[in-house]
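Reading through the structure tokens given below for one structure.
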Amino acid sequence: MARYTVLRLMIFFGLLCALWLLGLREVSQRWWLLGLSALGSMVVSYFVLAGPRAQLSASIARRVDERARRAELGRTDDIDEIAEDAEADEDADADEDSARA
């Protein structure tokens, strides 16, 4: 994730420097400089960073799937524990009833 972010920032600052060198240096042009740099870096990043973006997306999906799998295993263990407790309670109740008789 850090790699993708660094690449995006490098593209932004590269465009910022290029536009500054092209003449957007005045104080009144700073908003144009920042806006065009941001817009340009979004467009360039969309095409140039398609591979790293796909890798980042796949790694996030993998982590979400792993977390969901672990949560499902945790729920299964909880259900097993609840069933075992219920069975133990039934056995205890049955032992009490047979002891009373």
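The numbers here are math on the coordinates, done by the rules we state, and not lab data. Here the structure is a predicted model, which means the values were calculated and not measured. Here the Cβ positions follow ideal geometry from the backbone for every residue, glycine too, while neighbour counts run over all protein chains shown.
Treating r as the C-beta distance of GLU72 and LEU9 and R0 as 41 Å, the FRET efficiency rounds to 0.65.
What are the equivalent ellipsoid semi-axes of segment 1-48, built from the alpha-carbon gyration tensor (square roots of five times its eigenvalues), in whole angstrom, biggest first?
On the way: eigenvalues 94, 18, 15 Å².
Calculated on Cα positions only, the semi-axes equal 22, 9, 9 Å.
Working ranking of peptides 41-48, 62-69 by packing, defined as the average number of other Cβ atoms within 10 Å per residue, highest first, is 41-48, 62-69. The trypsin sites (Lys or Arg not before Pro) found in segment 1-33 that occupy coil by DSSP, while having at most 14 further C-beta atoms within 10 Å, are ARG25.
For SER45, neighbours were defined as the other residues whose beta-carbon sits under 14 Å from its Cβ, and their charges (Lys and Arg +1, Asp and Glu -1) total +3.
Annotation: for a label point projected 7 angstrom from Cα along Cα→Cβ of LEU56, residues of segment 2-44 with backbone N closer than 19 Å are 2-16, 37-44.
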